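Below: the structure, in structure tokens.
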Amino acid sequence: MKKTYLVTGGAGFIGSNFIHYMLKKYDDISIVNLDKLTYAGNLENLKEVEDDPRYSFVQADIRDKEAVTKVFKENQIDYVVNFAAESHVDRSISNPEIFVETNVLGTVNLLNCAKNAWLIGDDQYREGVKYLQVSTDEVYGALGKEGFFMETTPLCPHSPYSSSKASADLFVKAYFDTYHFPMNITRCSNNYGPYQFPEKLIPLIMNNTMGHKELPVYGDGMQVRDWLYVEDHCKAIDMVIRGGVLGEVYNIGGHNERPNIFIVKTIIGYIKEHVDDTVSEDLIRHVTDRKGHDRRYGIDPTKIKNALGWYPETTFEVGIKKTLQWYLDHEDWMKNVTSGDYQNYYKRMYANR
Ligand code: NAD
Ligand code: DAU
């Protein structure tokens, strides 16, 4: 049976990768991409599929009840995959309100619209429908040197970003507990790959190294993130939509923990070897640390491995090379996204560090 997906935030980093992944993998699906096109949304990311008859785009805000309801009226939506969010921790520290607006209120509006569209009786929904909330490992807070986040780890977010994501997760859970609303939540670790906006560590360091600009490393650079190639995240979401038990949370991560300084040095090394042998680690600048900076994240993916057979296919060593080469091969993409407003953002963000 042909399935129709409502993908929100599909013009962003992971959402656009997900749309590419799904359209390549399945012939018999259609995807409606609903995106507000904030600074992070970029239709360039979807140029290859814009004429595909299985794909359509609606520019709208997930908080807009009328617009979202219209999408449900005009399409027989089977699955909602909610990627739409304000996603950058540093921006949440300087401007928390929009994170509550989009990540919390936007999610609640989507839940309501999906519930209204799918309800066929008292707490009964059309057969086979599901809402998937794309969440993050950051809702669990920070780890010490030992241990991993499990689905049972208590939520303990620290930043305005992670607090808004945790709050959204609790609303999704409340809709399951209260209305038996069909849902799953996935909590993934740091993604990397093509189309990531260069406010995030890997594309930012890549772009600065190429331009011989200083490389801002927060604090001592020994904070640890658990890096996952974006396609492996897309594969996991697809598997949870198809096989996830309703009401369950699934953690996604591939045990690829690396300190930030290692990532930065890896990028310098790659560019030095393949593009420009004049770059060096002298570009590194240790700047003032992020407020409330979480020291370490690490996912335990045992549940999704055992329940659904998911495993990461791309090792960090392969994935990072693919990613850096993608940015080198798409210089125009990087030039476009770093023109205009980005320059002001960059100056504001790094002026006083
Ligand atoms: P992103 O910032 O690259 O993209 C977000 C997208 O959402 C953009 O296209 C933007 O235009 C859209 N958007 C923002 N506000 C909107 C609104 N009000 N209405 C409609 N669209 C709106 O983010 P990303 O890195 O692709 O992250 C996608 C999701 O995955 C987020 O929910 C994030 O919390 C989660 N996540 C990200 C990572 C990561 O490493 N990037 C890891 C785990 C989970
Ligand atoms: O863990 C999943 C999360 O990963 C997602 O939920 C978020 O949406 C996503 O943005 C990402 O959050 P991080 O804060 O971990 O990603 P970021 O790329 O901003 O930073 C990665 C690490 O690098 C973090 O420890 C801060 C550090 N950093 C970042 C930047 C931008 C630097 O040292 N210098 C920098 O210039």
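Inspect all residues belonging to the range 126-138 and state whether any of them is touching a His at 6+ places or on another chain (Cβ under 9 Å), of a type in the set (Gly, Ala, Ser) and within 16 Å of ligand 2 (Cβ to nearest atom).
Taking the range 126-138 first, the residues touching a His at 6+ places or on another chain (Cβ under 9 Å) are 134, 138.
Now drop any that are not of a type in the set (Gly, Ala, Ser), which leaves none.
No.
Return the total of residues in the range 159-194 being over 20 Å from residue 83 (Cβ atoms) and either among the hydroxyl-bearing types (Ser, Thr, Tyr) or within 15 Å of ligand 1 (Cβ to nearest atom) (or both).
2
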>> Suppose we filter 38, 69 for residues that are of a type in the set (Val, Ile, Thr), at pLDDT 95 or above and farther than 22 Å from residue 128 by Cα; which single one remains?
In response: 38
> Considering 288, 323, 314, which residue is surrounded by 14 or more Cβ atoms within 10 Å (Cβ to Cβ) and within 16 Å of ligand 2 (Cβ to nearest atom)?
Replying inline: 323
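Listed here are the residues, each with its yes/no results for (1) touching a residue at least 60 places away in the same chain (Cβ under 8 Å); (2) among the β-branched types (Val, Ile, Thr).
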residue: 230; (1), (2): yes, yes
residue: 236; (1), (2): yes, no
residue: 247; (1), (2): yes, no
residue: 253; (1), (2): yes, no
residue: 272; (1), (2): no, no
residue: 284; (1), (2): yes, yes
residue: 292; (1), (2): yes, no
> For the range 245-268, what are the residues that are among the acidic types (Asp, Glu) and either within 22 Å of residue 201 (Cα to Cα) or in a strand (DSSP E or B) (or both)?
Replying inline: 257
> Does residue 242 meet the test of being within 22 Å of the chain's Cα centre (by Cα), not in a helix (DSSP H, G or I) and not aromatic (Phe, Trp, Tyr)?
Replying inline: no
>> So for the range 174-186 (the condition being closer than 30 Å to residue 325 by Cα and either modelled with pLDDT of 95 or more or in contact with a Pro (Cβ under 8 Å, 6 or more places away or on another chain) (or both)), does at least one residue qualify?
In response: yes
> Within the range 113-128, can you find the residues that are part of a loop (DSSP other than H, G, I, E, B) and small (Gly, Ala, Ser)?
Replying inline: 128
> Does residue 192 satisfy the criteria of being within 13 Å of ligand 2 (Cβ to nearest atom), closer than 27 Å to residue 275 by Cβ, touching a His at 6+ places or on another chain (Cβ under 7 Å) and among the aromatic types (Phe, Trp, Tyr)?
Replying inline: no
>> Which pairs turn up if I take residues in the range 330-353 that are over 12 Å from residue 204 (Cα atoms) and touching a residue at least 40 places away in the same chain (Cβ under 8 Å) and look for partners that are surrounded by 10 or more Cβ atoms within 10 Å (Cβ to Cβ) and among the polar types (S, T, N, Q) with beta carbon separation below 7 Å, at least 6 apart in sequence or on another chain?
In response: 353/288
> Before we move on, is residue 79 more than 15 Å from ligand 1 (Cβ to nearest atom), closer than 23 Å to residue 22 by Cα and within 19 Å of the chain's Cα centre (by Cα)?
Replying inline: yes
>> Just to verify a result, which residue in the range 202-233, among those that are under 20 Å from residue 297 (Cα atoms), within 15 Å of ligand 1 (Cβ to nearest atom) and hydrophobic (A, V, I, L, M, F, W, C), is surrounded by the most Cβ atoms within 10 Å (Cβ to Cβ)?
In response: 228
>> I want to confirm something. Restricting to the range 1-11 and keeping residues that are away from ligand 2 (no atom under 16 Å from the Cβ) and among the β-branched types (Val, Ile, Thr), which single residue is surrounded by the fewest Cβ atoms within 10 Å (Cβ to Cβ)?
In response: 4
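The values are calculated or read from the model by the stated rules, or taken from the named source; none is laboratory data. If you're wondering where the values come from, they're calculated on a predicted model, not measured in any experiment. Cβ sites come from the backbone with ideal geometry, for glycine too, and all protein chains shown count toward neighbours.
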